[in-house]
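Worksheet for the structure shown next.
The values are calculated or read from the model by the stated rules, or taken from the named source; none is laboratory data. Because the structure is predicted, anything quoted here is derived from the model rather than measured. Because the Cβ atoms are built from the backbone with ideal geometry, glycine has one as well, and the counts that use them run over all protein chains shown. The protein model used for the area step is the full one, side chains on, heavy atoms only, and it has no ligands, DNA or RNA in it. Shrake-Rupley method; radii C 1.70, N 1.55, O 1.52, S 1.80 Å.
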Amino acid sequence: MIDQRAIASTLPIPPLENGDKLTRIEFERRYHAMPQVKKAELIEGIVYMASPLRLRKHGEPHARIMTWLGNYWATTPGVGLADNTTVRLDTDNEPQPDALLRIEVGGQSCISDDDYVEGAPELIVEIAASTASIDLHDKLNVYRRNQVQEYLVWRVYDQQFDWFKLQEGTYIKLEPNENGIICSETFPGLWLKQSALLAGNLAKVLEIVQQGITTAEHQMFIKSLSRE
């Protein structure tokens with residue numbers, strides 16, 4: 001009898017290519033065999049590979065997001081922050097979001113034995129090109145279906161920032177309050193002055209998040225995490 005597994009182990013591993021339709025297991029096998037590839041995602045069973053990233057259209061916005069989230073992370077024990085980390089969501093979806101926040105104990109996700117995030121982080125951020133991006137279509141549906149509680153999309157070309165909150169299985173858009181600040185409902189104290197972010201006023205962005213982490217709601221949240 002021919003051992004098909006033995007034959008498969010001797011064959012070269014095909015490279016990942018945009019548009020490939022793969023299972024998550026096969027996607028990972030090919031991705032691991034291409035260490036030179038820094039970002040590839042499986043969305044609804046289809047492979048998407050990143051193009052070279054521009055400074056002002058991705059690199060700088062990404063840095064602002066990580067600085068904002070990093071300030072919150074530094075003062076919120078029990079919350080985890082990750083940058084461009086692969087997330088195993090389901091059998092057809094393995095995205096690599098630009099940023100994620102997760103509750104480390106008692107949250108929706110865990111860390112696998114081989115050091116991947118498994119399950120839905122509570123909050124995901126994507127830096128998108130425009131409203132036509134996959135981030136506002138297929139990815140949005142994938143994150144909604146997998147119960148990502150808050151999904152943030154910075155549409156750089158459109159100069160817009162969308163903050164979605166999962167409510168009864170549907171994403172609703174959170175709007176700034178009378179002070180122009182959006183407040184996370186999942187992570188108390190995570191405040192964002194949207195206009196400052198879009199204008200590149202990082203000092204103001206950090207000032208506002210510092211105000212958020214001094215609130216009683218943030219302190220109660222930290223206590224709830226410590227009890228977990």
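Structure above, values below:
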quantity: Near pairs, Cβ below 6 angstrom, 6+ apart or cross-chain, from the range 185-202 (over 13 Å from Leu152 (Cα atoms)) to any residue that is open to solvent by 10 Å² or more (accessible area, probe 1.4 Å) and of a type in the set (Asp, Glu); calculated: Pro188/Glu217
quantity: Residue within the range 78-89 that is more than 25 Å from Ser224 (Cβ to Cβ), touching a Lys or Arg at 6+ places or on another chain (Cβ under 6 Å) and modelled with pLDDT of 95 or more present; calculated: no
quantity: Checklist (1) open to solvent by 10 Å² or more (accessible area, probe 1.4 Å); (2) more than 21 Å from Glu28 (Cβ to Cβ); (3) not acidic (Asp, Glu) applied to Asn146, failing item; calculated: (2)
quantity: Criterion violated by Val153 - all others in (1) closer than 23 Å to Lys39 by Cα; (2) of a type outside the set (Ser, Thr, Tyr); (3) touching a Leu at 6+ places or on another chain (Cβ under 8 Å); (4) surrounded by fewer than 17 Cβ atoms within 10 Å (Cβ to Cβ) satisfied; calculated: (4)
quantity: Selection from the range 166-181 of residues that are surrounded by 17 or more Cβ atoms within 10 Å (Cβ to Cβ) and closer than 19 Å to Leu136 by Cα; calculated: Leu166, Tyr171, Leu174
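Matching residues to (1) closer than 24 Å to Ile208 by Cα; (2) without any contact (Cβ under 8 Å) to a residue 40 or more places away in the chain; (3) under 14 Å from the mean Cα position of the chain (by Cα):
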position: Asp90; (1), (2), (3): no, no, no
position: Leu100; (1), (2), (3): yes, yes, yes
position: Ser109; (1), (2), (3): no, yes, yes
position: Ser112; (1), (2), (3): no, yes, no
position: Glu122; (1), (2), (3): yes, no, yes
position: Leu136; (1), (2), (3): no, yes, yes
position: Asp162; (1), (2), (3): yes, yes, yes
position: Glu175; (1), (2), (3): yes, yes, no
